[in-house]
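Some notes on the structure that comes next.
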Amino acid sequence: MFPELNNLLNTSPARAEQGKLTLLCDSETDGSFLVHHFLSFYLKANCKVCFVALLQSFSHYSMVGQKLGVSLTTARERGQLVFLEGLKSSVDIFFQTQEEPYPLQFLREARAGNLLPLYRFVRDALKPEDSGEAAWRYPVLLVDDLSVLLSLGLEAVAVLDFIHYCRATICSELKLKILWRRPSKSIARQDQNLIYQYKIQDKSVSFFARGMSPAVL
């Protein structure tokens, strides 16, 4: 978790908001540090996290997490973190012996497009525990990254449907809520596009207003 980024976003683990969808996009730069930030952020916020990792191994995220002050191994052992290691799971699929489909079962299908097993994995992972009183603040789903599904042959419609059903499950069945609003002219005027330059360091990230980085002064 990067405190300087929390300041820019005006948030902290103690004030983590519920019911938000955050889409990370990068172009001609590496924005993967944001994934590590939000993973450590929600673990520190005492949320139940389901992490669908399609890009890197568990050991990779665990190593970065240690630098940011969280133990993914401990979080997984105590049930706070449910981790789907896509790289390992994709290999297991081709040697599967059980009848129950794997989350990434579409890799064995002649026509890729069925993300229902993956959705069911997410739904079951984020179900409240049967222990009466919930141990975690609220459920969080992280996926790194959705573009991998497209490169594996899935159509954009299938990926969008997967996101839709995940949002509906988390926001409806697990007691969040969805608000539909029509943008008004007054709201549009208040929208701001904030652009920052950043420098990634070993255990932190420094942010600068555009054009104010020491490297360009």
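Here are the numbers:
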quantity: Condition broken by C47, with the remaining ones in (1) surrounded by 17 or more Cβ atoms within 10 Å (Cβ to Cβ); (2) in contact with a helix residue (DSSP H, G or I) (Cβ under 6 Å, 6 or more places away or on another chain) satisfied; calculated: (2)
quantity: Residues located in the stretch 27-40, provided they are under 15 Å from the mean Cα position of the chain (by Cα) and surrounded by fewer than 23 Cβ atoms within 10 Å (Cβ to Cβ); calculated: G31, S32, F33, L34, V35, H36, H37, F38
quantity: Of all residues in the stretch 60-72 being small (G, A, S) and surrounded by fewer than 19 Cβ atoms within 10 Å (Cβ to Cβ), the one that is nearest to L5 (Cα to Cα); calculated: G69
quantity: Number of the exception - A158 against (1) surrounded by 11 or more Cβ atoms within 10 Å (Cβ to Cβ); (2) at pLDDT below 55; (3) not in a loop (DSSP other than H, G, I, E, B); calculated: (2)
quantity: Residue tally, condition surrounded by 10 or more Cβ atoms within 10 Å (Cβ to Cβ) and either more than 18 Å from F33 (Cβ to Cβ) or modelled with pLDDT of 65 or more (or both), over the stretch 202-217; calculated: 9
quantity: Residues (polar (S, T, N, Q) and part of a helix (DSSP H, G or I)) located in the stretch 33-59; calculated: S40, S59
quantity: Test for F106: is it part of a helix (DSSP H, G or I), in contact with a Leu (Cβ under 8 Å, 6 or more places away or on another chain) and at pLDDT below 90; calculated: yes
quantity: Breaking point among (1) in a helix (DSSP H, G or I); (2) over 19 Å from K20 (Cα atoms); (3) at pLDDT below 75, for I187; calculated: (2)
quantity: Whichever residue in the stretch 60-85 is under 15 Å from A125 (Cβ atoms) and outside any helix (DSSP H, G or I) and, among such residues, is farthest from the chain's Cα centre (by Cα); calculated: R78
quantity: Index of the failed condition, S57 passing every other in (1) surrounded by 12 or more Cβ atoms within 10 Å (Cβ to Cβ); (2) under 14 Å from the mean Cα position of the chain (by Cα); calculated: (2)
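The values are calculated or read from the model by the stated rules, or taken from the named source; none is laboratory data. Because the structure is predicted, anything quoted here is derived from the model rather than measured. Note that we place each Cβ from the backbone using ideal geometry, even for glycine, and neighbour counts take in every protein chain shown.
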